[in-house]
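K.L.:
Structure below; questions to follow.
No lab work stands behind these numbers, since they all come straight from the coordinates. Source: prediction; values computed, not measured. Every residue, glycine among them, receives a Cβ derived from its backbone with ideal geometry; neighbour counts consider all protein chains shown.
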Amino acid sequence: MAEDNRRVAQGVGGKIQAHLEPFVDFLGDFNKESDRGAVLSAAAYVNDLLGKTISAFLIRGNATKEFVSEYPGGLSTFSARIAAAYAMGLISEKERSEATMKFQTAAVALILNLTNRPAHVAKHPLKHQAWPY
């Protein structure tokens, strides 16, 4: 699968651009993840990319590193990075919404379904029964 990802990333020119190498590696690992692992990996990867994008935009130095990358820096959290990247014009409104709303909406919908599930399932529990021979 990783080799397939490399071929796609190489495209017409036959060479992967250096900045795409980490993505190709991520994609190979991502495709091996469980559903839970995929969600966590994707969120962590987007968080990392937002941090790198903001850091690339700001003045280089230790102050930026501490502000963006080191906890409890002002932009060390996922939500702060989303808000800051949008406020700085580094991501669009659509990208901002996709980074927060779609994931949150899907997560809340699933959680709500599963929150109700035990109450509904409890009305129809499995019972031992005598089976014919």
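K.L.:
Within the chain, how many lysine pairs that are 8 or more places apart, or on different chains, have C-alpha atoms less than 29 Å apart?
P.N.:
Here the count comes out as 10.
K.L.:
Helix 21-30 sits at what angle to the longest principal axis of the chain, using alpha carbons and giving 0 to 90 degrees rounded to 10?
P.N.:
10 degrees
K.L.:
Hey, what D do you get for the range 22-133 in µm²/s if you plug the Kirkwood alpha-carbon radius into Stokes-Einstein at 4 °C and 1.567 mPa s?
P.N.:
Working: Rh = 17.2 Å.
Value of D from the Cα-based Kirkwood radius: 75 µm²/s.
K.L.:
Same structure again: Starting from the alpha-carbon convex hull of the range 33-94, give the projected area averaged over all orientations, in nm². Working shown, then result.
P.N.:
Details: hull surface 18.8 nm².
Mean projected area of the Cα convex hull: 4.7 nm².
K.L.:
How far, in nm, would the chain grow between Ile59 and Leu110 when pulled straight, counting 0.36 nm per residue and subtracting the alpha carbon separation?
P.N.:
Length gained between Ile59 and Leu110: 14.2 nm.
K.L.:
Would you calculate the separation in nanometres between label points at Lys15 and Ala87, each defined as 7 Å from the Cα along the Cα-to-beta-carbon direction?
P.N.:
Between Lys15 and Ala87, the simple spin-label model gives 4.1 nm.
K.L.:
Per DSSP H run of n ≥ 4, the term is -39500 (n - 2.57); total these for the chain, divide by its residue number, and report the mean residue ellipticity at 222 nm rounded to 500 deg cm²/dmol.
P.N.:
-19500 deg cm²/dmol
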